[in-house]
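One structure is given below, encoded as structure tokens.
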Amino acid sequence: MKTHRLVSCFCWITLSLFVMISSYRMGLGGVHSPGPGLMPFLLGVLLLFPSFYLLAEPLFRKREEEPAGEKAGRGQYRKIGMVLVSLVVFCLLLERLGYMLSMSLFCLALFRIMNNRWRTILIGSALTILITYYGFTFLGLKLPEGIFR
Amino acid sequence: MPDILSGLLSGFQVAFDPLNLLFCFAGVFIGTLIGVLPGIGPIGAMSILLPMTFGLSPVSSLIMLAGIYYGAQYGGSTTSILVNIPGEAASIVTCLDGYQMARQGRAGPALGIAAFGSLIGSTFSIIVLMFSVITLARVALKFGPPEYFSLICLSLLISVYLARGSFAKSIIMIILGLLLGCVGIDSVTGIPRFTFGSPSLYDGIGVSQIAMGLFGIAEVFENLEESLSRVVFKTRVKNLLPNLEDWKKSIGPIARGSILGFPLGILPGGGAVLASFLSYALEKRISKNPEKFGTGAIEGVAGPETANNAGAGGAFVPLLALGIPPNAVMALLLGALIVHGVAPGPTFITKHPQVFWGVIASMYVGNIMLLVLNLPLIGLWVKLLKVPYRIMMPLILVFCLIGAYSINNSVVDVLVMVLFGVVGYLLRKSGYDSAPLVLSFILGPLLETTFKQSLIMSDGSFSIFTQRPISAVTLAIAALLLISTAFSYYRKAKADVAFGDGGA
């Protein structure tokens with residue numbers, strides 16, 4: 001939890017400084033005619049306060065308030081990682097290979113990651129692709145054809 | 001009164017249009033499904049379906065999306081009672097006594113009273129909603145940019161106050177949402193802000209991509225951490241109609257739940273969840289046998305289920321009357337209305353009477369549909385509950401991907417959704433609540449516009465916010481809220497330090 005807090009505070013402070021510098025460059029304008037950078041600049045300044053508070057909080061709060069939740073095992077994190085990779089690969093392949101092919105690969109991967117039997121993987125993937133393709137095409141959505149163009 | 005009756009009659013004409021009836025049914029059906037199945041909530045479902053409503057008329061779109069919201073309140077109780085896992089957040093307390101009733105062979109009366117309580121709570125809230133929106137809209141005609149700015153500040157502050165977790169973390173989420181709202185071309189100067197040279201960001205980030213990522217993808221990642229195994233209660237669910245004794249015990253909680261739930265729904269950050277928790281606490285407090293709560297007391301089901309539906313109706317009041325959504329779900333509805341070129345607010349009823357009365361009337365119709373869906377068709381939902389999560393999860397992701405792609409037929413939107421999914425997951429792991437982020441994201445542009453307009457009106461003087469009475473009172477309440485929260489934090493910190501010294 002301590003690492004989470006330090007990393008997140010560092011991220012917020014960095015974001016805050018980035019926003020303030022970028023906004024200043026856009027131009028803050030004046031109170032008579034506010035510039036495009038005024039609102040984000042003020043928000044960047046405001047963001048610093050809770051960020052520093054969270055950073056300094058353990059100094060004056062002795063009791064740990066965050067509940068010690070059950071941490072996920074390495075296996076679960078691996079599953080999450082695999083799902084994430086599948087999502088990104090799908091995005092990269094969607095317009096090149098087309099909806100049918102890329103979604104087939106995606107469904108096969110996902111059903112497999114979830115430890116389904118091969119029969120479930122194949123039937124589930126086939127049904128998902130057919131129902132979604134024809135269903136959404138019927139609703140007027142144009143799905144990419146890719147190599148089947 | 002005659003205006004209201006004629007408005008309602010014209011609304012029923014709109015609601016009974018066959019196409020609108022179909023969309024109403026689709027909305028409440030999907031809402032019930034979402035409520036029954038853990039793994040995706042109403043916000044995730046609405047954000048997936050939102051792009052698909054772009055081709056519909058504003059009234060049809062709103063009827064369907066609203067149906068999903070209040071439908072989910074009905075459906076959430078089914079899984080709470082039968083599986084002891086809440087289908088969505090507002091049904092958490094129903095687990096406490098509902099599941100115990102099921103274990104005692106009284107799943108039927110529990111489901112029955114939950115459904116009837118939901119109907120009564122919803123009906124009550126729709127009636128009060130009609131009168132409240134009209135009255136509030138008349139008052140809001142006196143609002144100018146300073147009043148709106150102050151009201152939005154107060155709304156955001158209250159939503160922070162009521163959010164789960166740390167106050168500082170909720171403030172960060174609000175600010176982050178406001179910053180995300182700044183992405184895109186500035187409406188006044190035409191200068192791109194935080195677009196990093198990418199034309200895809202000139203129009204800003206879409207609310208659908210953010211909501212689907214934070215509430216769809218992130219929820220899937222979180223669920224992957226644990227094996228979601230469900231034991232569905234095995235006995236046949238019978239005797240869905242509560243008996244006379246059940247009604248005697250429940251009528252008080254239902255009445256109190258309706259009256260308590262509606263105003264809580266209006267509160268920013270409140271809504272159905274807060275209403276159900278407070279109703280349970282109230283019923284337990286005033287009960288002659290509080291020790292029975294948690295062991296199968298029907299009052300513990302009747303009150304919260306009524307309150308959450310009454311709260312869901314109450315949440316429409318600030319959205320329709322002021323154009324200010326009180327929670328993330330209403331923020332999505334506001335996004336849908338803006339896309340359709342309909343701006344809710346004080347002139348909403350006069351400029352778009354068909355939309356307003358059509359939605360109100362469809363809520364009556366939708367609640368009747370929900371009673372049929374949730375009682376006679378309970379067997380269908382029990383079967384669906386048995387579908388394992390390892391099959392549900394891929395389907396949820398597939399719908400998220402299609403939903404994101406359908407926005408602009410662009411892979412960039414899908415990538416943005418996945419990115420927010422990762423961000424949402426990391427935020428959850430670090431104890432941040434994403435709901436205030438979505439609310440402030442939607443309100444951000446309006447906050448900035450009203451701020452700039454106020455400064456232009458006052459020729460650069462900030463005193464405009466304190467000189468106008470409504471704005472001054474609103475800001476004073478916001479300041480008091482901030483001071484009282486800071487003071488309670490200071491007292492807690494002082495107590496912690498004293499505790500630490502004493503223990504040393």
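The values are calculated or read from the model by the stated rules, or taken from the named source; none is laboratory data. These numbers come from a predicted model, not from an experiment. Because the Cβ atoms are built from the backbone with ideal geometry, glycine has one as well, and the counts that use them run over all protein chains shown.
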Residue count, the range B:371-421, condition surrounded by fewer than 21 Cβ atoms within 10 Å (Cβ to Cβ) and not hydrophobic (A, V, I, L, M, F, W, C), comes to 10
Next on the checklist: Residues that are farther than 30 Å from B:LEU214 by Cα, β-branched (Val, Ile, Thr), assigned to a loop (DSSP other than H, G, I, E, B) and touching a residue at least 60 places away in the same chain (Cβ under 8 Å): does the range B:296-303 have at least one?
Outcome noted: yes
In the range A:21-34, anything farther than 17 Å from B:GLY181 by Cβ and outside any helix (DSSP H, G or I) is listed as A:GLY27, A:LEU28, A:GLY29, A:GLY30, A:VAL31, A:HIS32, A:SER33
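Here's the yes/no breakdown for (1) acidic (Asp, Glu); (2) within 12 Å of chain A (Cβ to nearest Cβ); (3) over 29 Å from A:LYS79 (Cα atoms):
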| residue | (1), (2), (3) |
| --- | --- |
| B:PRO344 | no, no, yes |
| B:HIS352 | no, no, yes |
| B:VAL387 | no, yes, no |
| B:VAL398 | no, yes, no |
| B:SER410 | no, yes, no |
| B:SER430 | no, yes, no |
| B:VAL438 | no, no, no |
Of those in the range A:98-128 that are over 24 Å from the mean Cα position of the chain (by Cα), more than 7 Å from chain B (Cβ to nearest Cβ) and surrounded by 19 or more Cβ atoms within 10 Å (Cβ to Cβ), the residue nearest to B:PHE420 (Cα to Cα) is A:SER125
Of the residues in the range B:448-463 that are on the phi < 0 side of the Ramachandran plot and facing chain A (nearest Cβ under 8 Å), the one that is surrounded by the fewest Cβ atoms within 10 Å (Cβ to Cβ) is B:PHE462
In the set B:GLY358, B:GLY313, B:GLY379, B:GLY335, the lone residue that is part of a helix (DSSP H, G or I) and out of contact with any helix residue (DSSP H, G or I) (no Cβ under 7 Å at 6 or more places or on another chain) is B:GLY379
Counting only residues in the range B:405-441 that are farther than 21 Å from A:LEU43 by Cα and of a type in the set (Ser, Thr, Tyr), the one modelled with the lowest pLDDT is identified as B:SER406
Counting only helices (runs of 4 or more DSSP H) entirely within the range B:1-99, those with at least 1 residues that are over 20 Å from the mean Cα position of the chain (by Cα) are B:2-15, B:18-36, B:58-83
For this session: Look at B:ILE30 and say whether it is surrounded by fewer than 24 Cβ atoms within 10 Å (Cβ to Cβ) and of a type in the set (Val, Ile, Thr).
Result: yes
Per the list (1) within 30 Å of B:PRO469 (Cβ to Cβ); (2) within 14 Å of another protein chain (Cβ to nearest Cβ); (3) not small (Gly, Ala, Ser), residue check on B:ARG138 breaks on (2)
Being within 14 Å of chain A (Cβ to nearest Cβ) and on the phi > 0 side of the Ramachandran plot narrows B:GLY105, B:GLY181, B:GLY177, B:GLY190 down to just B:GLY190
>> Quick check on B:SER471: is it under 23 Å from the mean Cα position of the chain (by Cα), closer than 26 Å to B:ALA315 by Cα and modelled with pLDDT of 85 or more?
In response: no
All-but-one check, B:ILE483 against (1) surrounded by fewer than 16 Cβ atoms within 10 Å (Cβ to Cβ); (2) facing chain A (nearest Cβ under 9 Å), failing number (2)
Filtering helices (runs of 4 or more DSSP H) wholly in the range A:43-149 for at least 2 residues that are over 30 Å from B:SER170 (Cα atoms) and at pLDDT below 90 gives A:118-138
